[in-house]
Amino acid sequence: KTMLSLHSSRAAAAGLVCAVVSSAALGADERVAQVVITANRSPRALADVVADVTVIDADAIARSAATSLPELLQRQAGVELSGNGGPGQPAALFLRGTNANHVVVLVDGVRINSATTGTNALEHLPLAQIERIEVLRGPASSLYGADAVGGVIQIFTRSGRGLQARLSVGSDSLRDGAVGLGGQFGSTSWSVHGGAQSVRAFSATNDANPFSFNDD
């Protein structure tokens, strides 16, 4: 009986060690399998990329409890933002200390910029429609042009299947809701998303100036 108990304990310990090794190997495989596109403008395993790239996936976005894209990006290393008011007002992004016009922002591979401020209109991109964000720090002018001195931020929109919904509330009477639907027919995928946000934050205009004040 003593020998049988000793052998059973050894077997259990061996099984535990195997489980731990398997879990560690699985975690390593997941890290190697993660693919980024922004660093080389082509799919490349994150473990093989030399550039400084940060990936913000859908789970990280949900856990952040951020209410806007500028608020989410401001939490990343090397990123600074300067806002000119409450939600929806222009927000300039500075990456690695460079100017706001030295950062390229892509949405599904397409450049975006504001027609009025000349910088990137990050304040108008709803988080509910974002699936993944890749932040490339460092000069990438050879790949994206002279305006990528500070780096590149690429945003991938949601393309999941089925019904998706989100509802959140917050301070300043914040109400934020979104709903989306996606599917696939053969090799063609489609998705439709819509949302609305209402907030009673401070006004972006000066109430001491009667000629420009607008109480919204």
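Read the figures in this text as sums done on the coordinates, not as results from a lab. On a predicted model such as this, the values are computed, not experimentally measured, just so you know. Note: ideal-geometry Cβ built from the backbone for every residue, glycine included; neighbour counts use all protein chains shown.
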message: About the Cα centre, and with charges only on the beta carbon of Lys, Arg (+1) and Asp, Glu (-1), how big is the dipole of the stretch 96-212? Nearest 20 debye, please.
response: 260
- request: Based on alpha-carbon positions alone, could you give the equivalent ellipsoid semi-axes of the stretch 161-216 from the gyration tensor, as √(5λ), descending, whole Å?
  value: 39, 14, 5
message: When 1/r is averaged over all different Cα pairs and the result inverted, which Kirkwood radius in Å belongs to the stretch 43-87?
response: 12.6
- line: Distance in Å, no decimals, from the C-alpha centre of the stretch 176-216 to the one of the stretch 84-160 is 18
task: Please list 159-171, 66-78, 128-140 highest first by mean number of surrounding beta-carbon atoms within 10 Å per residue.
output: 128-140, 66-78, 159-171
- request: In whole Hz, with x marking every Gly and Pro, tabulate ³J(HN,Hα) for the stretch 49-65 from phi via Karplus 6.51 cos²θ - 1.76 cosθ + 1.60, θ = phi - 60°.
  value: 8, 7, 5, 7, 10, 10, 10, 10, 8, 5, 5, 5, 5, 5, 6, 5, 6
- prompt: Counting pairs of alpha carbon atoms under 8 Å apart in space and at least six apart in sequence, what relative contact order in percent does the stretch 52-129 give?
  reply: 27
Three-way shape call for the stretch 97-216 based on the alpha-carbon gyration tensor, with the a/c threshold at 1.5: oblate
